[in-house]
Amino acid sequence: MNIDTAGIEAIVKRVMTSIDAANGVAPATQDAKGKDGIFDDMEDAIAAAQAAWNDYKMRPLSLRYKIIDEIRKTFTKKETVETIVNMAVEETGMGNVEDKLTKAYLCAEKTPGMEDLQANCWTGDEGLTLLELSPFGVIGAICPSTNPNETIVNNSISMLAAGNAIVFAPHPGALQTSLYCVRLVNQAIAAAGGPANLVVSTEHPTMESANVMMHHPDVRLLCATGGPGVVHAVLSSGKKAIGAGPGNPPALVDETADIEKAAKDIIDGCTFDNNLPCIAEKEVVVVDQVADYLIFNMKKNGAFEIKDRKVLDDLAAMVAPDGRVSRDYVGKSAKYIAKAAGIDVPEDTRVLIGELPADHPLVQIELMMPILGIVRVDNVDEGIDLACELEHGNRHTATMHSKNVDALSKMSKKIASTIFVKNGPSYAGLGAGGEGYPTFTIAGPTGEGLTSAKTFARRRRCVLCDAFNIK
Ligand code: NAD
């Protein structure tokens, strides 16, 4: 075997990094290879993260508080946030700056930090037993293209608060935005006095490098935020994995709803960031008695109704040829999509709507673009059954507009979605106009729900025998 000088240097570097990692030493300097947590090679990145974690786990909790504070400060600085969201829109070609600003502030300001880690204890004649939320170690986190910066900021706050190090595997389509955020997180950690490379990623992520991460013995927990492929991949890895997968959230409207408000809420939720969020309304099911009035009010809120079935079929063939969503239209504006389809729409059009049968692709497929198929049903019970069918068992998100408590309760039980918003836009489920904290990793399939620091912690029991019962 021939090895050139560069090859030898690489091997020496890797061995030295492994020795440092084994000895619990974080690299003292950040050379070009590991600058601000970005590495050429996945093995190097994991070794550096492991070394950083060996250091981090021995540090006081006050460091974690400082790190979370610095991350919040960094990602709420106006110029920084504007740079990031503009970069995300430009790089991915998806979403819009205004809504991405809302999402960016929401996750930087409101993702729970250290306060999320509450211990539990039992005391009695036999002493004191403590249940603590302890770190896993190095977490491998796979991120989507649809919320690249939000996922990195949200996951960083949650996972670092819980005491972990992180290896991020960003989506290649949002690479520069993702790496920019990883660098900023590392700089925030450094400003707080934390170890270098606590959060790492690679310059050129590939399926192969994601595979290395998924099967590396030092990566103790996987967290995948994305479509069905990546959730399946982490759940097949043989490791503990958290899967935050796809949705197809229905919005169900019955005859008892405040129809004017329901129309506005649905349009606001479904057009938010051009329908990119996995929680956003993707189709409407409405009771016949109020369907015309709902559509009338949707139109008052910027919806453009397409009545010609052929035009709707052609639109479906354009945005989801052969039943697969075309990336060319994901996260684009309604006007952009209409123009591409040769449909003339007014300047203020926010979403394209059309009445369709339930089996139409514009109803069945998670399109992630401002197109809403609307299906009429005879009554609310039929509506609940259909909404459940259209959600495809993803257990992700559903919304319902109704004043009928029994119907709301029935829908909630039947659909079993992780988020169920009643009488509001879907984003109320993320704490924007609804109570509760935000997250950008909603773990439906694996059941952790709206993830936060405690999701990324191991439950450990610490027992002190015969003492410290002061009851
Ligand atoms: P995607 O599935 O195309 O990519 C997600 C990530 O997984 C990327 O980093 C990609 O490189 C990687 N990946 C994909 N297949 C893989 C495999 N087999 N092995 C290893 N890595 C793999 O997702 P996207 O298009 O960027 O995001 C949109 C999807 O994500 C939608 O379905 C949306 O509903 C879902 N999503 C879910 C949540 C949630 O919290 N549940 C949040 C955001 C997005």
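The values are calculated or read from the model by the stated rules, or taken from the named source; none is laboratory data. What you see is a predicted model; the values in this text were computed from it and never measured. Note that we place each Cβ from the backbone using ideal geometry, even for glycine, and neighbour counts take in every protein chain shown.
Checking D268, D254 one by one, the residue that is surrounded by fewer than 22 Cβ atoms within 10 Å (Cβ to Cβ), at pLDDT 95 or above, over 18 Å from H171 (Cβ atoms) and away from the ligand (no atom under 16 Å from the Cβ) is D268 and no other. Scanning region 142-170 for residues that are closer than 14 Å to F456 by Cα, more than 12 Å from the ligand (Cβ to nearest atom) and part of a helix (DSSP H, G or I) yields S156, I157, S158, M159, L160, A161. Restricted to region 186-241, and to residues there that are surrounded by 23 or more Cβ atoms within 10 Å (Cβ to Cβ) and of a type in the set (S, T, Y), the residue that is nearest to E391 (Cα to Cα) is T225. Taking residues in region 336-350 that are closer than 16 Å to K310 by Cβ, and partners anywhere that are hydrophobic (A, V, I, L, M, F, W, C) and surrounded by fewer than 16 Cβ atoms within 10 Å (Cβ to Cβ), the pairs with Cβ atoms closer than 9 Å and at least 6 places apart or on different chains are A341/V311; A341/M318; G342/V311; I343/V311. Of all residues in region 191-210, count the ones that are out of contact with any Ser or Thr (no Cβ under 9 Å at 6 or more places or on another chain), assigned to a helix (DSSP H, G or I) and within 18 Å of A49 (Cβ to Cβ). Qualifying residue count for the region: 1. Might you check whether a residue that is of a type outside the set (D, E) and without any contact (Cβ under 8 Å) to a residue 60 or more places away in the chain occurs anywhere in region 122-134? Scanning region 122-134, I find at least one residue that is of a type outside the set (D, E) and without any contact (Cβ under 8 Å) to a residue 60 or more places away in the chain, so the answer is yes. Take the residues in region 271-309 that are part of a loop (DSSP other than H, G, I, E, B) and basic (K, R), then tell me which one is farthest from the ligand (Cβ to nearest atom). Top of the filtered list is K307. Flag: Y336 does not match the condition of being within 16 Å of the ligand (Cβ to nearest atom) and hydroxyl-bearing (S, T, Y). Residues that are under 16 Å from D313 (Cβ atoms), modelled with pLDDT of 95 or more and either surrounded by 21 or more Cβ atoms within 10 Å (Cβ to Cβ) or under 28 Å from the mean Cα position of the chain (by Cα) (or both): does region 378-399 have at least one? No: region 378-399 contains no residue that is under 16 Å from D313 (Cβ atoms), modelled with pLDDT of 95 or more and either surrounded by 21 or more Cβ atoms within 10 Å (Cβ to Cβ) or under 28 Å from the mean Cα position of the chain (by Cα) (or both).
For N186, indicate whether it is farther than 17 Å from A45 by Cα, modelled with pLDDT of 95 or more, in a helix (DSSP H, G or I) and touching a helix residue (DSSP H, G or I) at 6+ places or on another chain (Cβ under 9 Å).
no
Regarding region 213-227, can at least one residue be identified that is part of a helix (DSSP H, G or I) and more than 9 Å from the ligand (Cβ to nearest atom)? Lay out the reasoning, then the answer.
Of the residues in region 213-227, the ones part of a helix (DSSP H, G or I) are 213-215.
Then drop every residue that is not more than 9 Å from the ligand (Cβ to nearest atom), which leaves 215.
The answer is yes; a qualifying residue exists.
Does L175 satisfy the criteria of being among the aliphatic types (A, V, I, L, M), in contact with a His (Cβ under 9 Å, 6 or more places away or on another chain) and either at positive phi or within 13 Å of the ligand (Cβ to nearest atom) (or both)?
On the way: among the aliphatic types (A, V, I, L, M): yes; in contact with a His (Cβ under 9 Å, 6 or more places away or on another chain): yes; either at positive phi or within 13 Å of the ligand (Cβ to nearest atom) (or both): yes.
For L175, the condition - among the aliphatic types (A, V, I, L, M), in contact with a His (Cβ under 9 Å, 6 or more places away or on another chain) and either at positive phi or within 13 Å of the ligand (Cβ to nearest atom) (or both) - is met.
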